[in-house]
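To keep things clear, I will list the structure first and then write my remarks on it.
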Amino acid sequence: MKKFDYYQPETLKEAFSLMEKFKGRAKYVAGGTDLIVRIKQKVIQPGALISLRGIDALKSIRHNGGLSMGSMTLIRNMERDAVITRDYPALKQAVSVLANPQIRNVATVGGNFCNSAPCADCAPPLLVMEAILMIDGPGGTREVPVDDFFKGPGENCMDSVEILKAIKVPDIRNPKFKTGMAFLKTGRVAQDLAIASAAALVSMDGKICRECRLAAGSVGPIPLRLRRAEKLVKGEEITPELLEQVGKTVEQEVSPITDIRSTEEYRRLVTGVMIRRGIGQAIGMVNGEL
């Protein structure tokens, strides 16, 4: 493994200054659970690593009419947070099956996003929650909807100097309707990367769905919001026949590949099934069954 310099700044300003000094030859590192592996495999060979662990401003979980998480928030702390468990169960489900407890003790929500992998477990639930990403750089902070963040495998909308500062989730509770959500994931074995994952959020007015948001991971070049399938559900009574139609639509809406983990055909099929089950589980949450 090629030698590299290592820095641990204590402020964002110091981190930006270091990154500008190395003119694109450095990499920010959070938990390092993915980046260090890629360095060992010689996929990337940075001249320096700039650790974000010493920046206290990036470590927080706040509940103030919504949810705000600093990008250096540990996955394990999200898993243990009582408000996330109660009010954002799809996110709790996602972080609870991310790798294993040892990884969750060092991995961060920002790292999970900034690696920009199509299989990022946190992405589908945060897509259906319509989270906003706070991206900071020398020129100031900008807000990016999570749907606009991912650009391709390993690619996102940030430039090399910018840092994902925080992830903000609006209050998903609607006083007029009851809201439920769910996250599902399948892999070859426990703790493996997802073959496919899915998230569903529904707001129900009696038997009628007033809001439906669906998302999937590992079945396209980026985590996907499934808007065609959503339109089938919104404003309708959710029946077994409708769910069957939704599943078929999802199979056509995703764009998976065949790789070492699974085939394209299986990914299409299982994503349709998981979306149907996710909607069912979200309705079960609305009805107090889960």
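A short reminder: the numbers here are calculations on the coordinates, not readings from a lab. Just so you know, these numbers come straight off a predicted model, no measurement behind them. Virtual Cβ from ideal backbone geometry, glycine too; neighbours counted across all protein chains shown.
Have a look at I132, I167, I103 and tell me which one the Gaussian network model of the chain (Cα, springs below 10 Å) gives the largest fluctuation.
I103
Take the Cβ-Cβ distance between R188 and N287 as r, set R0 to 22 Å, and report the resulting FRET efficiency rounded to the nearest 0.05.
It comes out at approximately 0.10.
How much FRET efficiency would the formula 1/(1 + (r/R0)^6) give for Q252 and K151, where r is the Cβ-Cβ distance and R0 is 25 Å, rounded to 0.05?
Efficiency computed from Cβ-Cβ geometry: 0.60.
For segment 178-286, what does the relative contact order come out to in percent, with C-alpha contacts under 8 Å and a separation of six or more?
About 32 percent, as a whole number.
Only Cα pairs under 8 Å and at least 6 apart count here; give the relative contact order of the chain as a rounded whole percent.
It comes to 15 percent, rounded to a whole number.
How big is the gap, in Å, between the Cα center of segment 253-290 and the Cα center of segment 96-117?
21
How big is segment 156-211 on each of its three principal axes, counting only the C-alpha atoms and giving the largest first in Å?
Result for segment 156-211: principal-axis Cα extents of 46, 34, 15 Å.
Counting Lys and Arg as +1 and Asp and Glu as -1, what is the net charge of the other residues whose Cβ lies under 11 Å from the Cβ of L224?
Surrounding charge for L224 is +1.
What is the local net charge at G66, summed over the other residues whose Cβ is closer than 15 Å to its Cβ (Lys, Arg +1; Asp, Glu -1)?
Value of the local net charge: -1.
Computed over the Cα atoms of the chain, what is the convex hull's projected area averaged over all directions, in nm²? It would help to have the intermediate numbers written out before the result.
On the way: hull surface 59.4 nm².
Dividing the Cα hull surface by four gives the mean projection, 14.9 nm².
Mark the label point 7 Å from the Cα of E14 along Cα→Cβ and return the residues of segment 58-99 whose backbone N is within less than 19 Å of it.
58-60, 71-73, by backbone N distance to the label point.
Within segment 148-165, name every residue whose backbone N is under 17 Å away from a label modeled 7 Å from Cα of K23 along the Cβ vector.
In segment 148-165, the label zone of K23 (backbone N under 17 Å from the point 7 Å along Cα→Cβ) covers 160-161.
Specify the inter-centroid distance of segment 1-43 and segment 124-199, based on alpha-carbon positions, in whole Å.
Segment 1-43 and segment 124-199 have Cα centres spaced 23 Å from each other.
Tell me the angle of helix 240-253 to the major Cα principal axis of the chain, expressed in degrees between 0 and 90 and rounded to the nearest ten.
Relative to the chain, helix 240-253 is tipped by roughly 40 degrees.
Provide the net charge surrounding K151, with neighbours chosen by a C-beta distance below 15 Å and charges set as Lys +1, Arg +1, Asp -1, Glu -1. If you can, show how the numbers build up before the last one.
Details: positive: R225; negative: D147, D148, E155, D159, E162.
Net of charged neighbours comes to -4.
Less than 16 Å from a label point 7 Å out along the Cα-to-Cβ axis of Q102: which backbone N atoms in segment 33-72 qualify, by residue?
Taking a point 7 Å out along Cα→Cβ of Q102, the residues of segment 33-72 whose backbone N falls under 16 Å are 33-34, 36-37.
Ranked highest first by the average count of other Cβ atoms within 10 Å around their residues, in what order do 214-223, 262-271 fall?
Sorting 214-223, 262-271 by mean packing, highest first, produces 214-223, 262-271.
Using a simple spin-label model with points 7 Å from Cα along the Cα→Cβ vector, what separation in nm is obtained for S160 and K40?
2.6
Please arrange C209, C157 by counting, for each residue, the other beta carbons lying within 10 Å of its beta carbon, fewest first.
Fewest-to-most ranking of C209, C157: C157, C209.
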